[in-house]
Amino acid sequence: MMNRNEFDSYIVGHVKEYLPPSFDNAEMELRTVTKANDVVLTGLSIRREEEQIIPNIYLEPFFDRYQAGESIVKIVGDIADVRIEADRSDKPIDIDILLNYDGIKDRLQIRLCDAEQNRERLKELVSVSDGDYAKTFQVCVGDMSADSYGTISVTPGLMNSWGIQVEQLNADAMAAEDHRGPRLYNLGDMMGHMMAGGEARNLLGNAFPVIPDENQINLYCLTMKDKTFGASLMAREDILAQAATVLGESFFILPSSVHEVLLMPESVAMSPQALVTMVQEINQNEVSPQDMLSDKVQYFDKDTGVRENALARQKRLELEKEKRPSVHEQLAEKKAEVKAKGALSVDMPRKSKIAEAAL
């Protein structure tokens, strides 16, 4: 069995055998790409002379299939099919169109990531800090109504070519997000509709709190209409305020994946540490490395409109409680204060009579 380097070399050396004649003179290149959560992948690009923007075909899942015993011949053919399908699904993208900001700003997307887990990746991208998280920006290319489409990350160089500042980029990306259709679903309702077909009721915009249904899970999913990259809504104070109106109380935010977050009303929630442990276990066992958002559970205060790290909030409240005197201490202080005032009222007349006598 080939090792990883031998596998990559074999793919580069044989994939053209499965491609149409138009790829005979295509340039093959392998390069490492830092993806979400600083996961480093190997991307294969197959570029013809006239092409400016082409897809990266990441080889890791294909190598996993090879290690599992799948035929190398079938794997090479499938890699070729991925490249051919990219030709069929999209017209070649003109780089000049990408540089026209007014023409592409409606295609902007915000993606949220854990700032601590994406330090290397964030060095290469335009980003906006948001507490434990960071917002990055993508331009969607291809048919956005299709099941899948390509994206190009916004780098400082690309933003500078548009002649804009990050504040405008952020504002325009939020406007584009609104067109994508933010959604808040009851989780049980959403899962039921996914199985039966159709779309669950979108609760955003409700003027009054929902009445919990005993037959439904008291847990809510915040995402986009197309169920992709909806975790960015966690950074939207206006959306979280709407969600608080719907839930009728403050809530915890569980970072389920880059595609959605789950909202748990405070009245039914476990301790912050128990929630963090639960998210960690799910991330380790059920979420792919690239789709993982974070372990950092958040808390949104309905009254103040502030979102903060749930564990940090708990620690802050505990420290504030330690600084406040207990009820017993407060009563003792009051008694001492009353006693001091009583002593003062007795002493003062004595002093005044001594003064009179002296006169």
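The values are calculated or read from the model by the stated rules, or taken from the named source; none is laboratory data. On a predicted model such as this, the values are computed, not experimentally measured, just so you know. In this analysis, Cβ positions are derived from the backbone assuming ideal geometry, glycine residues included, and neighbour counts consider all displayed protein chains.
List of remarks:
- Residue that is among the aliphatic types (A, V, I, L, M), surrounded by 19 or more Cβ atoms within 10 Å (Cβ to Cβ) and under 15 Å from TYR185 (Cα atoms), where the choices are LEU247, LEU275: LEU247
- Within the stretch 28-61, the set of residues being at negative phi and acidic (Asp, Glu) comprises GLU29, GLU49, GLU50, GLU51, GLU60.
- In this entry, GLU260 passes the filter for residues that are within 30 Å of GLU60 (Cβ to Cβ), surrounded by 19 or more Cβ atoms within 10 Å (Cβ to Cβ), charged (D, E, K, R) and outside the structural domain of ASN170 (by TED's automatic domain parsing).
- For first residues located in the stretch 235-247 and closer than 14 Å to ILE110 by Cα, partners that are assigned to a helix (DSSP H, G or I) and lie 6+ apart or on another chain with Cβ distances below 8 Å form the pairs ARG236/MET174; ARG236/GLU177.
- A single entry from ILE75, ILE110, ILE97 fulfils the requirement of being of a type outside the set (Ser, Thr, Tyr), surrounded by 16 or more Cβ atoms within 10 Å (Cβ to Cβ) and part of a helix (DSSP H, G or I): ILE75.
- All conditions but one from (1) within 28 Å of the chain's Cα centre (by Cα); (2) surrounded by fewer than 16 Cβ atoms within 10 Å (Cβ to Cβ); (3) assigned to a helix (DSSP H, G or I) apply to GLU85; the one that does not is (1).
- Enumeration of residues in the stretch 176-196 that are in contact (Cβ under 8 Å) with a residue 40 or more places away in the chain, in a helix (DSSP H, G or I) and surrounded by fewer than 18 Cβ atoms within 10 Å (Cβ to Cβ): HIS179
- Failed item in (1) without any contact (Cβ under 8 Å) to a residue 40 or more places away in the chain; (2) under 22 Å from PHE137 (Cβ atoms), with VAL258 passing the rest: (1)
- Failed condition for VAL33, given (1) touching a residue at least 12 places away in the same chain (Cβ under 8 Å); (2) surrounded by fewer than 16 Cβ atoms within 10 Å (Cβ to Cβ); (3) of a type in the set (A, V, I, L, M, F, W, C); (4) more than 30 Å from ASN283 (Cβ to Cβ): (4)
- Per this entry, VAL126 is counted among residues that are more than 17 Å from ASN100 (Cβ to Cβ) and either among the small types (Gly, Ala, Ser) or modelled with pLDDT of 95 or more (or both).
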